[in-house]
Amino acid sequence: MDTVDTSNAPGGRTRRPWDRKAQLAAVAAELFCARGYHEVGITDIAAAAGVTGPALYRHFSDKQAILAHVVLSGIDELIATTQRALDDADKPAPEQVDALLDRLAAMSVDHRDVASLWRWERRNLSPEHQREVRRRSSVLIGSWSATLRTLRPELAERDADLLCWAALSVFGSTAVHSTRIAKRRYTKLLIACARAVLHTTLPTEPRPTATQETARESVFLRTTRKDELITAASKLFQDRGFHDVSMEDIGSATGISGPSVYRHFPSKAALFMAAAQRIAQRLEFGRLAVARTATSEADVLHGFVASYIETMASSADLMTASSQVSALSNADRAELKRVQRDYVAEWTHLLRAVRPTLGAAEARVVVHMALTIANDVIHSGRLAGRPNLHAELATIMAVALGLPA
């Protein structure tokens, strides 16, 4: 039953705590993060919270309502924290920003679960709640952007918005890895990286990209049906999530029936693995191409940045998301994790050569900050139309890594 301490209840009657809804949401958030939204049921949440199913329904209409409460409450907390830091009229803007970064860094380290749900599970919200997430996120970024333009009046509003979204990704990077370092040191790294990003000088000259060159060459290459299926599946998984995409959807996107897809792939999980392995191959090709021409560790990292941006611009962020796909076998999930870990390890090794004061775990955290900026900005619809986005993003990532110009 939904029961707690009865010592202060009149006549010894059972009394529910005033914050029961928040407690239930916290339990659900922990389960969603540990097992994935689709693998957790209402009965699981109720059992973990020590209540009955009907008791839980007194607070939430369904599982989706719980997820919406957790995600929207997290954004509301960010907005409230921002208002407290920026509304202090007695402090000049630089000190307000410092106070904001301090508070956001502490929140990001303490509440990695909320950041994780916002990143991986918000696509499972209803369209109405997704619109509300976008609206509140825009309110948050709007207040950051206005303050940044007070500090940097030369910035156009669109440029300030880009830098603020990138800074938000720095704090959100706590959700994409499990590296553990002391909280004090972690918050310092987050603050330093976010501050550097906000003060980035964006490039003004556009430049040709590898993606454009590849697109021109691709007209001469034959595309197989398997290639088409992998490409279609990647986009659908990125847009809607693995669980909400069917083989029929994938077949329809390529002009064939759902059952015909099985002639090429035995399962949806096999298609996911093929798509993720394609991304890994592209990253490896980019790594080898950079290694052939680079002359220093910093030069290699600059090349890695450009290669990563070009790869992710045409790919979904599937390797990182693989931990949320319960349909994958333990062996498949472990293999994708190994590939990702090895890729990050090479960045980490190079970054420590450029910044020898960083420990191995600290360098790994910084690398994840930079990669998260790329993943978020590239796949953000509101930023995708910028004509010089790849060059801007390469500059922001280099600044986040602390690389020499």
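General remarks:
- In the structure shown, the pairs Lys91/Lys188; Lys183/Lys337; Lys21/Lys268; Lys188/Lys268; Lys226/Lys337 are assessed against 31 Å; a Cα-Cα span above that value is assigned to Lys21/Lys268; Lys188/Lys268.
- Other residues with beta-carbon under 12 Å from the beta-carbon of Met247 carry, at +1 per Lys or Arg and -1 per Asp or Glu, a net charge of 0.
- In this Cβ point-charge picture (+1 for Lys and Arg, -1 for Asp and Glu), the stretch 210-401 has a dipole of about 240 debye about its Cα centre.
- Taking the square roots of 5 times each eigenvalue of the Cα gyration tensor of the stretch 61-198, largest first, gives ellipsoid semi-axes of 25, 19, 13 Å.
- Placing +1 on the Cβ of every Lys and Arg and -1 on the Cβ of every Asp and Glu, with no other charges, gives the stretch 338-405 a dipole of roughly 60 debye about its Cα centre.
- When the P(r) of the chain is calculated, the portion above 37 Å amounts to 27% of the C-alpha pairs.
- Placing unit charges on the Cβ atoms of the charged side chains and taking the dipole of the stretch 210-401 about its Cα centre, the candidate lying farthest along the positive direction among His349, Ile279, Ala334 is Ala334.
- Charge dipole (Cα centre; +1 on Lys/Arg Cβ, -1 on Asp/Glu Cβ; no other charges) of the chain amounts to roughly 520 debye.
Read-outs: derived from the displayed coordinates by stated rules, not from any lab. Just so we're clear, the structure is a prediction, and the values are computed from it rather than from any experiment. Please note: Cβ atoms are built from the backbone with ideal geometry, for glycine as well, and neighbour counts cover all protein chains shown.
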